[in-house]
Amino acid sequence: MRTQIQTKIIGLLLGTLLCWWLGVAYLSPVQAAPGEATVEIKANVGINGEYKWGQIVPIHITITNRGENTVEGNVELSMPPSSVSTINTLYVATASLAKGEAKTVFFRVPGFFTDSPDAASIRWIQDGKVINEQKITPIGRNNQAIWTGILASDNIAATLLQTMKKEKKDTPVQPIQLTPDNLTQDILLDSGLNVILIEQGKFAGLQNTQKQAIQSWADKGGLLLTVDPAQPAAVWPQVAQKASVQKETSLDTATELGRIATHSFAASLPSLPLLILLLVIYIIIIGPVAYFIMRRLGVREWNWVFIPLASIAMLALVYGYGTWHHGTDTRVHNVNVIKVGTSGNAHIMSSSAIFAPYAGEYRIQLPKNVDVFPSEEKRALETKESPMVTTNPSGDTETTLPHINKWSLGKMYAQQNLFNNGAFEATLNQKKDRLIGTVRNNTSYSLHDARIVFGDSIQSIPTLAPGAVVQVDLPMPTPESKSRYYDDTEFAARMLSQNGEEKLQQARLQLMRMYDSRNSTTVTLLGWTDQHPLQNKVADRPYKVSNVTLVTAKLAQIGKQEDQND
């Protein structure tokens, strides 16, 4: 009887609770279901969604505020691991958007989108929450292809495509349809384009900024050809000649500079004689001392305490010596190449090895308009956190390496394009069997141990300050000169500072090997500068910076020697 009463009471309570809940739900205002994200986000990779595998690729991310209020947040680009880099990298930029406002955030990243099972992604982060996220699946193209951009009317473009000749399989010609919107420095400089074909008359109609962007692209090795509407197919032989030139990827240079930065890092090994001495002392303590002296004192039973203490003291001594030897300052070793163009533009390529005296997070700060790519050094980064490249509203860049192990190296590559930076102005003439003329330094770089190289002919220039002029007097290269690398020639020995440290010498030799002397028709200037080109800094830690910087410039293209009269 009592059980039945309890059951009825419980049922009555549950029924009352259900009625109350239904009443509250009925009387309460209806809550709208979560709608779509109020911030739209989309990415344009390379040119028209296509990129060259293994090159540095420009990415434009457009964000649009479709909501009613101003929003602030972060644009994030996540690049997954690949066959080249086994670490995930996060690129971040902050942004503020008013109602209806659209902005474009620009990144440059290593082009390995199709080389990982994980897709790259972009997302909008607001108040710590992911508001919108999309995967990026661009089309990757053969890196060895000759990308040929075409800016022409429809009928001329169609004729060009019909008359295009197929090149070798390893260097196919890949036509790319261009629009005036593609002709910006952000897109062109790392577009992967080898050739641009512009119909006569269209180039004159371009804006000055577009013409300057094309000139900057040409300074980095691009070939600009104008197309005669009466003979459009006449441009293809020059395109084929471009296809015959050996090519390397942008990241080939980055990899080589990184190897030089780490392998020639100015951190010498501990003194071998001193380590041997410490080992001998330890053996004497553990052997004769522990046996004879402890027995003579009649306390051999205390060896079980003495020997461990001696081992601990030895370890502390070795560890202390290692700390003293490596120092307590963070050290950054930069290996830089500055390529100066003929129009006053320059391209800086730099790899940095960061020595960590203590384990922990390291933040590297760089100025505006510097592209940064963290890379992995084995055993240096042992964490699931991703290196992060952050661009703040002022345009400065900061790279966060989340955890570098003690006494190991972090590594990163950086590049910067400089405009109106000045050039090396050359006036050169061939006179019989000699090359005569002048070279003026119109750049801000002060050079020392410089050389003007023309095939196997070399002229020494001890110093070349900004504004200085040097006289050029070189014999014409010998036709039978053999192809040799600079570090196999007397030129290499002369370019090396006689008072430099061994590590500095090694780094200079390796840098010179990247620029061989096989081209006997190009007059080239090479020299060293002590200036710090990228001004990278370590945040919140004491640090020291060392630089090895090679400046290169193509001065002129001289054809084969011909007999000339005075």
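Only the coordinates and a few stated rules stand behind these numbers; no lab work does. Quick caveat, the model's predicted, so the values are computed rather than measured. Every residue, glycine as well, gets a Cβ built from its backbone with ideal geometry; the counts of neighbours run over all protein chains shown.
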First check a/c for region 39-90, with a ≥ b ≥ c the square roots of the eigenvalues of its C-alpha gyration tensor; if it is under 1.5, answer rounded, and if not, answer prolate when a/b is larger than b/c or oblate otherwise.
oblate
What dipole magnitude, in Debye to the nearest 20, does region 351-452 give about its Cα centre under +1 on Lys/Arg Cβ and -1 on Asp/Glu Cβ?
500
For region 121-213, just say rounded, prolate or oblate: build the C-alpha gyration tensor, square-root its eigenvalues into a ≥ b ≥ c, call rounded for a/c under 1.5, and beyond that prolate if a/b exceeds b/c, oblate if not.
oblate
Taking only the alpha-carbon atoms of region 366-468, what semi-axes of the equivalent ellipsoid follow from 5 times the gyration tensor eigenvalues under a square root, in whole Å, largest first?
43, 19, 11
Using amide H atoms built in the peptide plane, which far-off residues or other-chain residues are under 5 Å from Ala359 H to H?
Lys406
In nm, to one decimal, how far is the modelled label at Gln471 from the one at Lys406, with both set 7 Å along Cα→Cβ?
6.2
FRET efficiency for Phe419 and Ser311 from the Cβ-Cβ distance with R0 = 60 Å, rounded to 0.05, comes out at 0.45
Diffusion coefficient, µm² s⁻¹, Stokes-Einstein with Kirkwood Rh over alpha-carbon pairs of region 36-168 at 4 °C and 1.567 mPa s
77
³J(HN,Hα) across region 124-129 via Karplus (A = 6.51, B = -1.76, C = 1.60, θ = phi - 60°), whole Hz, x for Gly/Pro?
9, 10, 9, 6, x, 10
Could you work out how much longer the chain between Ile283 and Trp304 gets when fully extended? Use 0.36 nm per residue separation minus the Cα distance between them, nm to one decimal.
5.9 nm
Going by average Cβ neighbours within 10 Å, how do the peptides 525-536, 285-296, 59-70 rank, with the highest at the top?
525-536, 59-70, 285-296
Under a point-charge model restricted to the Cβ atoms of Lys and Arg (+1) and Asp and Glu (-1), what is the dipole moment magnitude of region 85-223 relative to its Cα centre, in debye to the nearest 20?
120
When ranked by the protection proxy of mean other Cβ atoms within 10 Å per residue, highest first, what sequence do the peptides 359-370, 96-107, 545-556 form?
545-556, 359-370, 96-107
Determine the gain in length on full extension of the stretch Arg363-Thr226; use 0.36 nm per residue of separation and subtract their C-alpha separation, reporting nm with one decimal.
44.6 nm
Members of Lys135/Lys165; Lys202/Lys339; Lys339/Lys411; Lys99/Lys211; Lys220/Lys411 lying beyond 32 Å, as alpha-carbon distances in this model show
Lys135/Lys165; Lys99/Lys211
Mind listing the phi-derived Karplus ³J(HN,Hα) values for region 51-59, rounded to whole Hz, using 6.51, -1.76 and 1.60 with θ = phi - 60°, and x for any glycine or proline?
8, 8, 5, x, 9, 7, 10, x, 10
Cα gyration tensor shape of region 163-242, rounded if a/c is under 1.5, else prolate or oblate by comparing a/b with b/c:
oblate
Quick one: which residues, 5 or more positions from Gly455 or on another chain, have an amide H under 5 Å from its amide H? H modelled 1.01 Å from N in the peptide plane, none for Pro or chain starts.
Thr522
³J(HN,Hα) computed for each position of region 435-446 - Karplus, 6.51 cos²θ - 1.76 cosθ + 1.60, integer Hz, glycine/proline x
10, 10, x, 9, 10, 10, 8, 9, 9, 8, 8, 9
Please give the contour-minus-distance gain from Arg66 to Ile436: 0.36 nm per residue of separation, less the Cα-Cα distance, rounded to one decimal in nm.
126.7 nm
Starting from the 7 Å offset along Cα-to-Cβ, what nm value, one decimal, do you get for the label separation of Val545 and Gln134?
3.8
